[in-house]
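S.K.: Below you will find the structure I want to go over with you.
The values are calculated or read from the model by the stated rules, or taken from the named source; none is laboratory data. From a predicted model like this one, the values you see are computed outputs, not experimental measurements. Neighbour counts are summed over all protein chains in view; Cβ atoms, including those assigned to glycine, are modelled from backbone coordinates with ideal geometry. Only protein heavy atoms, including side chains, enter the accessible area calculation; ligands, DNA and RNA are left aside. Shrake-Rupley method; radii C 1.70, N 1.55, O 1.52, S 1.80 Å.
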Amino acid sequence: MVKDKRALGCALALVVAVGGVVTTAGPAAAAATGSAARPSDADHGRGRGHDARLQAILGRLTSVDGAPGALLDARDRRGGATLTSGVGDVRSRAEVRPDSRFRIGSMTKMFTATVVLQLVAERRVELDAPVERYLPGVVRGHGNDGRGITVRQLLQHTSGLPDFLDHLKPQDVLKDPLAHHDARELVDIALAHPPTFEPGTGWSYSNTGYVLAGMLVEDVTGRDYADEVRRRVIGPLGLRGTSVPGDSPAIPGPHTRGYANPGGDGELIDVTRVNPTIGGAAGGVISTGRDLNRFLGALLGGRLLPPAQLKAMMSPRPTGSADGRAYGLGLERTQLPCGGNYWGHTGDFLGFETASGATLDGRRASVMVNSGPGGSQAQSDDIKSAVETALCHGGRP
């Protein structure tokens, strides 16, 4: 969800300097927390046949990359297992549990898009209808106009709407991390600025579009966005470790603590407790590695969407990325180094960086590190490498 990690990292440093509510986790904590990756079966705490390459990547994440802890859940149609490395709490030195829950950031967009496309299948929403039909008068100002923006464009980041994160001062959030942020408030922050481009003429990642998608879900169903995600996705799939927390700053159940490293020098700040309404339908969901893989398997396997809506979701357009990534409706297509493509999403939220990917033949992998923002580019590269290595070698450690 976090679009500019460097800006947010600077803001975190400012909060610490002025005595903000977040606290340090000890000097040079990141450099001291690395450990060898630990194989663990998702049900029994032990696994077999783990790939040394994956263990090496996780070990690198929790040593030279500076993350306190890391987790990889990898599966195929025959089964799978979980690898962990490092610690989930730098004070207690507790190891990362294989069933750890964490904030998934922008991977929330896969859940939001799924719910909207279910409403499309029920003929309660039209993908190419203007946003104005569902949210009359909401998208107006400084050249932004919901009468000329479609629902599809919201989900594909082709609306041209400014991203509220580009115009929200992170230090203001972190001075009061428990504060509620209304969806309309976030949208209005974006709409105080002109569009990035005319709707449909370009591509630019915008969390604003997904906050609006969550508002659309509530308008059409008459129920809370969180209730719809639970009713339509979490409940039917039995995602016991997944939740839409609303205003609650806590991560329920077994979880890793989340840390930021604003100075890049190993000085960690505990940012576990934060009101997730700052992400909302764009980035507020909590989940586990195993749940994310179950969700992706069900989604690509056609259990959540009829064929027409799944095809729409998986009809991507180029993002302009050098690696050829293309974005569908809440789902990104990326080339595998071993050939072929995989589908998934990445995510950033205060304290966490995550990524998930899946292939059409049932290989799935999800990775979490409990460090962000302020993590190095090497951390992001190794997270991607862990997903792709797992997918290229059968989808299981």
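S.K.: For segment 295-311, check the following and say yes or no: at least one residue is under 12 Å from the mean Cα position of the chain (by Cα) and under 15 Å from A74 (Cα atoms).
M.R.: No, segment 295-311 has no match at all.
S.K.: Next up: Given the conditions (1) crowded, with 22+ Cβ neighbours inside 10 Å; (2) more than 19 Å from R75 (Cα to Cα), which single one is not true for M368?
M.R.: (2)
S.K.: Here's a follow-up. Only one of (1) open to solvent by less than 10 Å² (accessible area, probe 1.4 Å); (2) at pLDDT below 95 fails for K175. Which number is that?
M.R.: (1)
S.K.: Could you please let me know if L161 is within 21 Å of the chain's Cα centre (by Cα), at pLDDT 95 or above and open to solvent by less than 10 Å² (accessible area, probe 1.4 Å)?
M.R.: yes
S.K.: Let me ask you something else. Is one or more of the residues making up segment 100-114 in a strand (DSSP E or B), more than 26 Å from P306 (Cα to Cα) and among the hydroxyl-bearing types (S, T, Y)?
M.R.: no
S.K.: Moving to a separate point now. Considering only residues of segment 375-397 that are open to solvent by 20 Å² or more (accessible area, probe 1.4 Å) and outside any helix (DSSP H, G or I), which is modelled with the lowest pLDDT?
M.R.: R396
S.K.: Return the residues of segment 312-325 that are hydrophobic (A, V, I, L, M, F, W, C), open to solvent by less than 70 Å² (accessible area, probe 1.4 Å) and without any contact (Cβ under 8 Å) to a residue 60 or more places away in the chain; say none if nothing qualifies.
M.R.: Listed by number, the list holds a single entry, M314.
S.K.: Consider segment 183-207. How many of its residues are farther than 14 Å from R140 by Cα, open to solvent by less than 30 Å² (accessible area, probe 1.4 Å) and of a type outside the set (S, T, Y)?
M.R.: Qualifying residue count, segment 183-207: 2.
S.K.: Another question, then. Restricting attention to segment 220-242, does a residue exist that is closer than 22 Å to S371 by Cβ and touching a Lys or Arg at 6+ places or on another chain (Cβ under 9 Å)?
M.R.: Yes.
S.K.: Could you please find all residues in segment 67-99 being part of a loop (DSSP other than H, G, I, E, B) and farther than 24 Å from E267 by Cβ?
M.R.: R77, R78, R97, P98, D99 - these are the residues of segment 67-99 that are part of a loop (DSSP other than H, G, I, E, B) and farther than 24 Å from E267 by Cβ.
S.K.: Moving on. Among the residues in segment 102-119, are any open to solvent by less than 30 Å² (accessible area, probe 1.4 Å) and more than 21 Å from G284 (Cβ to Cβ)?
M.R.: Checking segment 102-119: not a single residue is open to solvent by less than 30 Å² (accessible area, probe 1.4 Å) and more than 21 Å from G284 (Cβ to Cβ).
S.K.: What pairs come up if the first residue lies in segment 60-75 and is touching a residue at least 24 places away in the same chain (Cβ under 8 Å), the second is among the basic types (K, R), and their beta carbons are under 6 Å apart, counting only those six or more places apart or on different chains?
M.R.: Correct list of pairs: D73/R290; A74/R396; R75/R364.
S.K.: Suppose we filter G280, G328, G289 for residues that are of a type in the set (G, A, S), buried (at least 18 other Cβ atoms within 10 Å of the Cβ), over 20 Å from A365 (Cα atoms) and at pLDDT 95 or above; which single one remains?
M.R.: The conditions single out G280.
S.K.: Within the bounds of segment 333-343, is there any residue that is in contact with a strand residue (DSSP E or B) (Cβ under 7 Å, 6 or more places away or on another chain) and in contact (Cβ under 8 Å) with a residue 60 or more places away in the chain?
M.R.: no
S.K.: If you scan segment 247-277, which residues turn out to be within 25 Å of A183 (Cα to Cα), outside any loop (DSSP other than H, G, I, E, B) and open to solvent by 10 Å² or more (accessible area, probe 1.4 Å)?
M.R.: Across segment 247-277, the qualifying residue is only T277.
This table checks each residue for (1) under 24 Å from T221 (Cβ atoms); (2) of a type in the set (K, R); (3) touching a strand residue (DSSP E or B) at 6+ places or on another chain (Cβ under 9 Å).
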{"position": "R97", "(1), (2), (3)": "no, yes, yes"}
{"position": "F102", "(1), (2), (3)": "no, no, yes"}
{"position": "T108", "(1), (2), (3)": "yes, no, yes"}
{"position": "V116", "(1), (2), (3)": "yes, no, no"}
{"position": "R123", "(1), (2), (3)": "yes, yes, no"}
{"position": "D128", "(1), (2), (3)": "yes, no, yes"}
{"position": "P136", "(1), (2), (3)": "yes, no, no"}
{"position": "R140", "(1), (2), (3)": "yes, yes, no"}
{"position": "V151", "(1), (2), (3)": "yes, no, yes"}
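S.K.: Please go through segment 331-346 and give me each residue that is open to solvent by 40 Å² or more (accessible area, probe 1.4 Å) and either among the small types (G, A, S) or touching a helix residue (DSSP H, G or I) at 6+ places or on another chain (Cβ under 7 Å) (or both), ordered by number.
M.R.: Selection gives P337, C338, G339, G340, T346.
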